[in-house]
Amino acid sequence: MKKKASPPIKIVKSSGDQVRYSEEKLRRSLGRSGAPPGAVDAIVTTLSGEIYPGMSTREIHNRAFALLKEYRDTCASRYKLKRALYELGPSGFPFEKFISALLNHSGYQTLTNEVFRGQCVSHEVDVVARNGDTLTLIECKFHADEGRKCTVKIPLYIHARYEDIARRHYTEAPGTQLKPAWVVTNTRFTADAEVYGKCVGMYLLSWNHPRGKSLKDRIDRYRLYPITVSVQLSSREKDFLLAREVVLCRQLLQAPYYLDHMGVSEDRKKRILDEFRLLCNLKT
C-alpha cells in the first residue's frame, strides 16, 4: 500500500497569515547570502527537521541566521538585511539618511528634509535628489512593524503634494526638470498602491518592488549595506554611528576613527573593518 503523503506544514508570517512552509524559498534566501551550496544544504536539512506547524517566519529566520553565523559572519550579515532595515528606526530618520546615501552612490546629489513651497502650501520633502538639471522628490515611509504595508493612501497623498509643488516649481524654476515623485518604504506596497503609482507615473520602491530593481536588489547589487547588518557591532555602537549619520558600511570604512571614539579595541576594530570590507567586496 502506498504511503500517504504528510500534510504540508503551515507557518505564520509577520502579518499573521498562515502559509505553507517552502524549503525551496528558504534555500533561495540562504543562497542570496553568499553561502555555498554545501552550507545551504546542511542548514536546510537542520532547519527542516525543526520546523513545526504554527512556527513563525521570524523564528525560522532567527534560527537560519544563527546557523549561518556559525558558518561565516558576512553570510549572516547579508541574510539579515531585511531585519537590518527595520533597525533603521524607530523614528525613520536613519532610513531617510540611508536612502539619501544610496542615491549619492548612484550619481545623485542629495539633501534631506528640504522645504518646498507649493502653489497652495509648503511641504517638507524627505529626500531631494539632483542629477544635472533634473530634480527628484522622494518620500520615505518607514515602518517598524514587519506586517504593515503601504496602502494606496500613501501614494495618493504624496502625489497630491507633488502636484502642488510642481505647479509652483514650473513657474519659478523653468530650467530644472522635475522628475516623477518617488515613494520608498522598507516594507511592501499593497497591490492597489502599486497600480495607482504606475497609473499616475510615480516611482514606487520597496523591499520587493519593482522586480529586479527593488530595495534589496539595489543594496545587494551595489553592496551598499547599512551598518545595522553587522554582527560585530553592538546595538549601542550602531546607535552611536546612526546618530552621527554614518549609515552605510562604506561610510565607516572611510571614517574608522568613529570606532576609536567609542573606545573599540584594536582587535575588535580590525574584525569590524574586515567584516565591512568583505561585505563591500573590498580587499582586506
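Please specify each residue of region 195-216 satisfying the condition of being of a type outside the set (Gly, Ala, Ser) and either closer than 23 Å to SER77 by Cβ or outside the structural domain of ILE99 (by TED's automatic domain parsing) (or both).
Residues of region 195-216 of a type outside the set (Gly, Ala, Ser): 195-196, 198-200, 202-205, 207-211, 213, 215-216.
If the condition is that a residue be of a type outside the set (Gly, Ala, Ser) and either closer than 23 Å to SER77 by Cβ or outside the structural domain of ILE99 (by TED's automatic domain parsing) (or both), then LEU205, TRP207, ASN208, LYS213, LEU215, LYS216 are the ones that fit.
If you take the residues in region 34-49 that are within 27 Å of the chain's Cα centre (by Cα) and assigned to a helix (DSSP H, G or I), which one is surrounded by the fewest Cβ atoms within 10 Å (Cβ to Cβ)? Outline the logic, then answer.
Keep residues of region 34-49 that are within 27 Å of the chain's Cα centre (by Cα), which gives 34-37, 39-41, 43-44, 47.
Cutting the leftovers down to assigned to a helix (DSSP H, G or I) gives us 37, 39-41, 43-44, 47.
On the way: PRO37: 10, ALA39: 19, VAL40: 21, ASP41: 13, ILE43: 23, VAL44: 17, LEU47: 18.
This residue is PRO37.
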Only one of these conditions is not met by LEU88: (1) part of a helix (DSSP H, G or I); (2) within 22 Å of ARG221 (Cβ to Cβ). Which number is it? (1)
Could you pull out every one of the strands (runs of 3 or more DSSP E) wholly within region 104-196 that has 1 or more residues that are exposed (fewer than 15 other Cβ atoms within 10 Å of the Cβ)? 109-117, 122-131, 134-141
Residue match in region 258-278 (condition: among the β-branched types (Val, Ile, Thr), part of a helix (DSSP H, G or I), out of contact with any strand residue (DSSP E or B) (no Cβ under 9 Å at 6 or more places or on another chain) and closer than 24 Å to ARG221 by Cα): yes
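The values are calculated or read from the model by the stated rules, or taken from the named source; none is laboratory data. Note that the structure is predicted; figures quoted are calculated from it, not measured. When we count neighbours, we look across all protein chains shown, and the Cβ atoms used for this are built from the backbone with ideal geometry, even at glycine.
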